[in-house]
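Asks: Okay, here's the structure, questions in a sec.
Where a number appears in this text, it was derived from the coordinates with a stated rule and is not lab data. Keep in mind it's a predicted model, so treat the numbers as computed, not measured. Ideal geometry is used to build each Cβ from the backbone, glycine not excepted, and the neighbour counts take in all protein chains shown.
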C-alpha cells in the first residue's frame with residue numbers, strides 16, 4: 001500500500017476525537033475524517049463555538065481550531081469516509097455486557113461487529129483496519145473473519161493499536177506518549193500495515209517509543225496495563241480505611257512507600273474510588289477471560305480490585321450517613337464534582353454516581369455542581385442505574401451552575417471530583433452559608449484539615465482520622 005494520505009475514524013468520542021485531532025495536527029498531509037451516526041455529537045464537533053465541543057480536554061479546542069476544515073473533518077456520512085480512506089480506525093464504545101452470557105463482565109462487541117460489517121459492505125479496495133477501542137483478546141481475528149467472509153473480495157489487514165490515554169491529560173498523552181503499541185499479523189502484508197501506522201506516529205514520536213507486537217499481545221497489554229494501574233488505586237484505598245482506624249495519614253504512607261524505587265509514587269493517591277470508562281471495564285473483561293479459560297484463582301484475584309473499589313465508594317456514602325446522626329432523610333447535601341476526575345467532562349463509572357445513588361436511597365436531597373458536566377448528563381447517569389424513576393431522581397437531586405448559592409442551608413458538602421477551582425473557594429463563606437454543625441467530606445483529599453477545622457467544619461478527609 002502507498003503512503004497513507006486518507007484516514008477515517010469511526011467513533012467521535014473521548015478516544016476518536018482527541019486522537020484524530022492530534023494526528024491531523026502532526027500530519028498535515030493526511031486528510032482525517034471522523035464519523036459518527038450521532039448527528040448531535042457531530043454538530044458539536046463542527047460548532048463554531050469551540051467551548052461547545054462534546055469532549056473537554058485541555059488543549060483539544062486549540063488543535064481543532066488549527067485543523068478543522070483544513071485536514072480534519074467531522075461527518076455523519078460513514079460510508080463515504082470508509083470508501084475514501086486507506087486506513088480505518090474503529091473507536092466505538094465497547095461497554096460491559098448487561099445481558100446474556102458474560103453479563104456484568106464480558107465486553108459487548110455489537111458496535112464493533114456492526115462497524116466491521118459496514119466496512120465489509122462499503123470497501124472496494126484494500127484497507128488497513130485499526131482497533132482503537134478496548135477489546136478482548138482475539139477480537140482482531142473475529143473482525144478479520146467478518147471482513148473476509150462478507151466483503152467484496154478486497155484485502156483487509158487488521159491492526160491492534162490500543163489507546164493509553166488518561167482523561168484530563170489526553171492531548172499530552174498523545175503528543176508525548178510513553179509508548180505506542182501496534183499489533184498485527186507476522187506476515188509480509190501484516191508487517192507492511194504495521195509499518196504504515198508506525199510511519200504516522202513517527203511524525204512526532206521517536207522510533208524507540210513505537211512498539212510492534214503480534215496482535216494478541218497488543219490486545220492483552222491494554223487490559224493488563226489498566227488492571228495494574230487500577231490495582232494500585234484499590235491497594236492504597238484499602239490502606240486508607242486502615243489509616244482512619246489507626247490515626248495514620250494515608251498521604252504520609254503513600255509518600256513513604258512511593259520513595260521505594262521498586263514501587264514508585266504514581267497511582268498511590270487515595271480517593272473515594274476510581275472511575276472512567278477503562279479501569280472497571282477492562283478488569284471485568286480480564287476476569288471474564290480468565291474464567292472462560294478455567295483460571296478461577298486468576299479471575300478471583302483481579303475481581304478483588306473491583307470489589308475494593310466498590311467498597312471504597314460504599315464506605316464514603318455510609319460515613320456521610322453515620323456522621324449526620326444516622327439519617328440523611330430530607331437533608332441537603334451538596335456535591336462538588338460529578339466527573340470521574342478533574343479536567344474532563346466524562347462521567348462514566350464516576351464515584352459520584354454511586355455515592356449519590358446510595359444517599360438518594362436514604363431520601364437525601366442532593367445538589368450537584370460540576371464546572372464541565374451538564375445537567376442532562378447527571379440525570380442520564382442516575383437514570384441508567386434504574387434504581388428509581390426519572391421523576392424521583394429529578395425531585396431528589398438538583399443540578400446548579402453556581403457553587404456558592406448551592407451551599408445555602410446545606411447540612412453537608414462532599415467533594416467528589418478534584419477540580420482545582422475547589423481549592424481556591426472561600427471556605428469560610430461556605431461555612432457561614434451552611435446549617436450548623438456544618439459537615440465537609442473530602443473524598444479527593446484536596447483540602448487542608450487544619451484549615452478546615454479552624455474554620456469550624458466537622459471535617460472528614462478520606463484516609464485520615
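Asks: Rg(Cα) of the chain divided by 2.2 N^0.38 Å?
Replies: On the way: Rg = 23.5 Å, N = 465, 2.2 N^0.38 = 22.7 Å.
Compared with the compact-globule rule of thumb, the chain sits at 1.03.
Asks: With every atom except the alpha carbons ignored, what do you get for Rg and Dmax of the range 152-228, in angstroms?
Replies: Rg, Dmax (Cα atoms, Å): 13.3, 42.
Asks: Next question. Could you pull the Rg and Dmax for the range 72-165, using just the Cα atoms, both in Å?
Replies: In Å, with Rg to one decimal and Dmax whole: 13.6, 40.
Asks: Here is a further query. Tell me the label-point distance for the pair residue 259, residue 310, using the 7 Å Cα-to-Cβ offset, in nm and rounded to one decimal.
Replies: About 3.8 nm, to one decimal.
Asks: Sorting check: for 440-449, 409-418, 109-118, which peptide has the highest mean count of neighbouring beta carbons within 10 Å, and how do the rest follow?
Replies: Details: 440-449: 21.5, 409-418: 23.3, 109-118: 17.9.
In descending order of packing, they fall as 409-418, 440-449, 109-118.
Asks: I've got another one for you. Which angle between 0 and 90 degrees, to the nearest 10, do you get for helix 215-246 versus the longest principal axis of the chain when only C-alpha atoms count?
Replies: Tilt of helix 215-246: around 10 degrees.
Asks: Quick one: work out Rg over Rh on the C-alpha atoms of the range 330-373, Rh as Kirkwood radius.
Replies: Numbers: Rg = 10.6 Å, Rh = 10.7 Å.
Answer for the range 330-373: 0.99.
Asks: Rank-order 63-74, 386-397 by packing density, defined as the average count of other C-beta atoms within 10 Å over each peptide's residues, highest first. Could the numbers behind the result be given before it?
Replies: Working: 63-74: 18.3, 386-397: 13.7.
Output ranking for 63-74, 386-397: 63-74, 386-397.
Asks: Over all directions, average the projected area of the Cα convex hull of the range 91-243 and note it in nm².
Replies: Numbers: hull surface 45.9 nm².
Average of the hull's projected areas for the range 91-243 equals 11.5 nm².
Asks: Relative to the first principal axis of the alpha-carbon coordinates of the chain, what is the inclination of helix 375-385, with its axis defined by its Cα atoms, in degrees from 0 to 90 and to the nearest 10?
Replies: Taking Cα atoms only, the helix is inclined about 90 degrees.
Asks: A further question on this structure: If N is the number of residues in the range 184-341, what value comes out of its Cα radius of gyration divided by 2.2 N^0.38 Å? Walk me through the numbers on the way to the answer.
Replies: Working: Rg = 20.8 Å, N = 158, 2.2 N^0.38 = 15.1 Å.
Rounded to two decimals, the normalised Rg is 1.38.
Asks: Could you tell me the calculated FRET efficiency between residue 216 and residue 195, based on Cβ-Cβ distance and R0 = 30 angstrom, to the nearest 0.05? Please list the in-between numbers first.
Replies: Values: r = 19 Å, r/R0 = 0.64.
Taking R0 as 30 Å, the efficiency between residue 216 and residue 195 is 0.95.
Asks: Could you give log10 I(q)/I(0) at q = 0.25, 0.34, 0.35 Å⁻¹ for the range 269-311, computed by the Debye formula over C-alpha point scatterers of equal weight, without solvent?
Replies: Calculated log10 I(q)/I(0) at the listed q: -0.83, -1.16, -1.18.
Asks: Can you give the angle from 0 to 90° between the axis of helix 351-361 and the longest principal axis of the chain, with both taken from C-alpha atoms, to the nearest 10?
Replies: 50 degrees
Asks: At R0 = 35 Å, how high is the FRET efficiency between residue 145 and residue 295 if r is their beta carbon distance? Nearest 0.05 is fine.
Replies: According to the calculation, E is roughly 0.85.
Asks: OK, next. Antiparallel versus total DSSP beta bridges in the chain: what percent is that, nearest 5?
Replies: The antiparallel proportion sits near 10 percent.
Asks: Given just the C-alpha atoms of the range 413-465, how large is their convex hull per residue in cubic angstrom?
Replies: 69 Å³
Asks: How compact is the range 372-465 by the rule of thumb for globular proteins, expressed as Cα Rg over 2.2 N^0.38 Å? Intermediate values should be presented prior to the final figure.
Replies: Numbers: Rg = 14.7 Å, N = 94, 2.2 N^0.38 = 12.4 Å.
Against the compact-globule rule of thumb, the ratio is 1.19.
Asks: Take the Cα gyration tensor of the range 1-92, multiply each eigenvalue by 5, square-root it, and list the three semi-axes largest first, rounded to whole angstrom.
Replies: Working through the eigenvalues yields semi-axes of 20, 15, 10 Å.
Asks: Now a separate question. For the range 315-432, evaluate the Debye formula with one uniform point scatterer on each Cα (no solvent term) and list log10 I(q)/I(0) at q = 0.22 Å⁻¹, rounded to two decimals.
Replies: For the range 315-432 at q = 0.22 Å⁻¹, log10 I(q)/I(0) is -1.37.
Asks: Based on the mean of other beta carbon atoms within 10 Å per residue, what is the order of 419-432, 356-369, most packed first?
Replies: Order by mean packing, descending: 356-369, 419-432.
Asks: With just the Cα atoms defining each centre, how far is the range 154-195 from the range 16-64? Give it in Å.
Replies: 19 Å
Asks: A further question follows. Between residue 76 and residue 187, what is the label-point separation in nm under the 7 Å Cα-to-beta-carbon projection?
Replies: Inter-label distance under the simple model: 3.8 nm.
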